[in-house]
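Notes follow once the structure below has been shown.
The values are calculated or read from the model by the stated rules, or taken from the named source; none is laboratory data. Since this is a predicted model, take the numbers as computed values, not measurements. Here the Cβ is made from the backbone with ideal geometry for all residues, glycine too, and neighbour counts use every protein chain on show.
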Amino acid sequence: MGETSDAGEADIDLATTLAWTAERHPDRRAVGGRHPMTYREWAERVDGLARSLLTAGVRPGDRVAYLLPGGEPLASLHLAAQRLGATSVPLSTRLSLVDLAYCVADARPALLVTDEVTAPVAERADLTITCRDAGELSPDESTSPLPPPPDETATSVMLYTSGTTGRPKGVPRSHRAEHSAAVAHTIQTQLRQGERVLGVMPMFHTMGLRTLLASIICGGTWVPQARFNAAASVQLIRDEGISALYLVPAIFWSLLQDDGFASCRSVQRIAYAGAPMTPALASDLSEALQPGVFVNHYGSTEIFTFAVGPDAGRKPGCVGRAGIFSRIRLIAVNAAASPADLVKSGETGQIIASMNSPEAFAGYWNRPDADQKAIHDGWYYTGDLAIRDDHGDLWVSGRVDDMINSGGENIYPDEIESALARSAAISDVCVVGMPDARWGSAVTAFVVPPSGLKPAAALREVARFVVEDSGLASVQRPKRLIAVAEIPRSAVGKTLRRTLPAGEYTALADLEIGGPS
């Protein structure tokens, strides 16, 4: 890979990170799977792809967008953009045509790279941008010089947030922020030198990038899987001796349904993020794998780490304390609250995180309105609610925007969902506030019945559970139960809660169960 200066203080850039790992471990397996590569081979491939991008018209400082599934081609092209000093813009292959067109117009990339599956999608979106097929960008194996590595303040990647409402927001992240986040992830999930990790999380999401970059930092083997399939994942875990998994709870749940997952004893470290994990799922994972490390990572695209719960098996759902490069506070739950308006011990507050973290972004792309809403006096307002327990650990209880005000009472959906999840008549649940003439907003539970139980019968059992066994206070008890086939979620498992009050569901059964008078 390209030469770096031996003199002076080294910048923290991702091109240098791969180059130095390749110097330390040139013959170590860097990429696993059907097309393995050593670190020497991977670094040479990345350099060759950087030259190909240069030939295709991409220059340092430009943005190059990728509409590709996961896997090695996207990972290598992402690293090639880092080597060239360009900004990588990996786009979700699940974007609607409208959102795809918006993101491309917003990012203004010099090039959009597609494949045989996504090229027709780009064509239907009517994009006015130069497109190239990934297969055409074979590595240029010449020795033509490449630009020097970028400065650590240069933008490494721009990710578009998968917001549940409104247009996606571009989140530019510098080389320093990406490197710092990967170092933090390596330490906080206790990755070892030579770790073998499964690269199945999409790289348009920060979790996918973190797995990739942390693997390079610890000189590990990154095993790509372009699209998740539980049986194929289990086979990869066995064949490759995968030792660490960093996934969303929905994927862990799917893996547990495969009979072979319990025999994947090579897995010693597991971590999750992106969505809450139920105590039942945490217990099942602990029993199946008996991992030495089980971490709940809580963060965002904007600031990778807010907090880390290092013992998710013993304290499922607990997000713990601030990460090694993080600082967080709990402040009053109102729009005008300042960073100094701290809540008292035991009170629910909204979480804010310091923008001084080296993992933090500097602000949204072309969205001063979003900056004004989210960033105040050097603090990022996460929009999450939490309470601190007697041991100083944080428990996230929902979103500020998701809080239900019913009859003048503030009610937190996550607390109700956790209670309802214990019912045998529920396989999945989402609680929202539905418009109501009397209450203003009525607590409503959308329930997915387990297989084999008829929806109406499931709702009757849930209604009994709510009153007799849930432990919910009267104001928390749902006034209405609605059975649905599935709970709407994003590509990375986040609940799209606001689609339900908007009427975007098909009811299988509906039951009014009343509420406090």
H391 vs. criteria without any contact (Cβ under 8 Å) to a residue 24 or more places away in the chain and over 22 Å from the mean Cα position of the chain (by Cα): yes
Test result for A181, in contact with a Pro (Cβ under 7 Å, 6 or more places away or on another chain) and farther than 28 Å from T55 by Cβ: no
Subset tally (residues that are crowded, with 16+ Cβ neighbours inside 10 Å and part of a helix (DSSP H, G or I)) for the range 21-43: 7
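Tally the residues that are aromatic (F, W, Y) and surrounded by fewer than 19 Cβ atoms within 10 Å (Cβ to Cβ), restricting the search to the range 369-394.
Of the residues in the range 369-394, the ones aromatic (F, W, Y) are 379-381.
When the remaining residues are screened for being surrounded by fewer than 19 Cβ atoms within 10 Å (Cβ to Cβ), the result is 381.
Matching residues across the range 369-394 total 1.
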Contacts under 7 angstrom Cβ, first residue in the range 219-237 being on the phi > 0 side of the Ramachandran plot, partner of a type in the set (D, E), 6 or more apart: none
Any hit, the range 62-78, residues being modelled with pLDDT under 95, over 19 Å from T16 (Cβ atoms) and either of a type in the set (D, E) or crowded, with 23+ Cβ neighbours inside 10 Å (or both): yes
Given (1) over 26 Å from M158 (Cα atoms); (2) over 19 Å from the mean Cα position of the chain (by Cα), number of the condition A312 does not satisfy: (2)
Residue match in the range 131-142 (condition: polar (S, T, N, Q) and either surrounded by fewer than 22 Cβ atoms within 10 Å (Cβ to Cβ) or at positive phi (or both)): yes
Failed condition for L342, given (1) surrounded by 16 or more Cβ atoms within 10 Å (Cβ to Cβ); (2) of a type in the set (A, V, I, L, M); (3) modelled with pLDDT of 95 or more; (4) over 19 Å from the mean Cα position of the chain (by Cα): (1)
Residues of the range 387-415 satisfying the condition of being of a type in the set (G, A, S) and in contact with a Phe, Trp or Tyr (Cβ under 6 Å, 6 or more places away or on another chain): S397, G398, S406, G407
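When you scan the range 409-517 for strands (runs of 3 or more DSSP E) that lie fully inside it, which ones turn up with 3 or more residues that are surrounded by fewer than 20 Cβ atoms within 10 Å (Cβ to Cβ) and touching a Lys or Arg at 6+ places or on another chain (Cβ under 9 Å)?
509-512
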Subset of the range 106-145 (residues that are over 17 Å from G57 (Cβ atoms), β-branched (V, I, T) and not in a helix (DSSP H, G or I)): V117, T118, T143
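Here are some residues: E178, E240. Which one is surrounded by 24 or more Cβ atoms within 10 Å (Cβ to Cβ), closer than 21 Å to G71 by Cβ and acidic (D, E)? Talk me through it step by step, then tell me what you get.
Details: E240 fails: surrounded by 24 or more Cβ atoms within 10 Å (Cβ to Cβ).
After ruling out the rest, the residue left standing is E178.
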Per-region count, the range 60-103, residues outside any loop (DSSP other than H, G, I, E, B) and either closer than 25 Å to S144 by Cβ or touching a helix residue (DSSP H, G or I) at 6+ places or on another chain (Cβ under 8 Å) (or both): 23
